[in-house]
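Worksheet: one structure, shown below.
The values are calculated or read from the model by the stated rules, or taken from the named source; none is laboratory data. Fair warning: this is a prediction, and the values are worked out from it, not measured in the lab. Cβ: placed from backbone, ideal geometry, glycine included. Neighbour counts: every protein chain shown. Just the protein is used for accessible areas: all its heavy atoms, side chains included, with ligands, DNA and RNA removed. Shrake-Rupley method; radii C 1.70, N 1.55, O 1.52, S 1.80 Å.
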Amino acid sequence: MLLIIKEPKTKKDYESYFDLRWQILRGPWGLPRGSERDDLEEESIHLIASIENNIIVGVGRAHFNSPDEAQIRFMAVSQYYQNNGIGGTLLADLERRVKIGGAKYIVLNSRETAIDFYKKHGYSSEGKAIILINSIRHIKVRKDLL
Ligand SMILES: CC(C)(COP(=O)(O)OP(=O)(O)OC[C@H]1O[C@@H](n2cnc3c(N)ncnc32)[C@H](O)[C@@H]1OP(=O)(O)O)[C@@H](O)C(=O)NCCC(=O)NCCS
């Protein structure tokens, strides 16, 4: 499978990008379209993973909370394509880009169900569970960029 990682450029790219976010992260919890966005979209780094015919199969976003601290949000891979390394490839590319931007470490709120994915990629748990988005339990994790 040829995987292409790139920033969304066209209107269609962005529509597919937000659609996949909604499909994976919000729709299953009955949340409306629009709930998959926050007010940091314009200043964030967005990445899409696509396969042949420009089919978008994965998305992820990073932003800066401070010059040293980057945060990754909205990691989502189409259900059918999960566990093929797509999420890991997107995560590594977001990490590379925020490091170039000067980040010293990354924080994120991992769904409990995804915690092993982030641990596998070098994130450690900060221990506290927090409730976000309609009662889904999340764990704060962090990775220092060496
Ligand atoms: C979490 C997610 C982004 C990972 O992307 P992916 O492409 O499936 O992950 P990869 O194939 O790169 O890596 C999978 C590895 O992580 C592990 N893993 C642990 N928890 C996992 C989970 N919930 N989903 C997928 N993989 C998980 C797998 O065992 C696998 O390890 P292995 O290669 O040693 O077998 C994707 O599964 C997804 O969109 N899940 C639903 C939405 C979600 O939970 N997003 C994160 C919100 S914080």
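Observations on the structure shown:
- Phi angles of region 123-128 translate, via the Karplus equation with coefficients 6.51, -1.76, 1.60 and θ = phi - 60°, into HN-Hα couplings of 8, 10, 6, 8, x, 7 Hz per residue; Gly and Pro are given as x.
- Per-selection Kirkwood Rh - region 1-122 (Cα, Å, 1 d.p.): 14.7
- Structure-based [θ]222 nm, the chain - -39500 (n - 2.57) summed over DSSP H runs of at least 4, per residue, nearest 500: -6500 deg cm²/dmol
- The 3J(HN,Hα) values that the Karplus relation (6.51, -1.76, 1.60; θ = phi - 60°) gives for region 50-60 are, in residue order, 10, 10, 3, 6, 6, 7, 7, 10, x, 9, x Hz. Gly and Pro appear as x.
- Region 106-146, relative contact order [Cα under 8 Å, separation at least 6], %: 50
- Distance from the C-alpha centroid of region 64-96 to that of region 27-56: 12 Å, rounded to the whole angstrom.
- Rounded to whole numbers, the Karplus 3J(HN,Hα) couplings from phi for region 34-45 are x, 6, 7, 10, 10, 8, 10, 4, 5, 9, 9, 9 Hz, using 6.51 cos²θ - 1.76 cosθ + 1.60 with θ = phi - 60°, and x at Gly and Pro.
- Lys, Arg +1 and Asp, Glu -1 on Cβ, resulting dipole of region 1-59 about Cα centre, debye, nearest 20: 220
- Charge dipole of the chain (Cα centre as origin; +1 on each Lys and Arg Cβ, -1 on each Asp and Glu Cβ, all else neutral): 260 debye, rounded to the nearest 20.
- Cβ-based net charge around S125, under 12 Å, with every Lys or Arg adding one and every Asp or Glu removing one: +2
- Net charge of Cβ neighbours under 12 Å - reference I115; Lys, Arg +1; Asp, Glu -1: +2
- Residues T10 and K119, FRET efficiency given R0 of 35 Å [Cβ-Cβ distance, rounded to 0.05]: 0.50
- Cross-link partners of K140 among aspartates and glutamates (Cα-Cα below 16 Å; sequence separation of 8 or more within a chain): E69, E112, D116, E126
- Sequence of E42, E69 when ordered by accessible area, the most exposed leading, probe 1.4 angstrom: E42, E69
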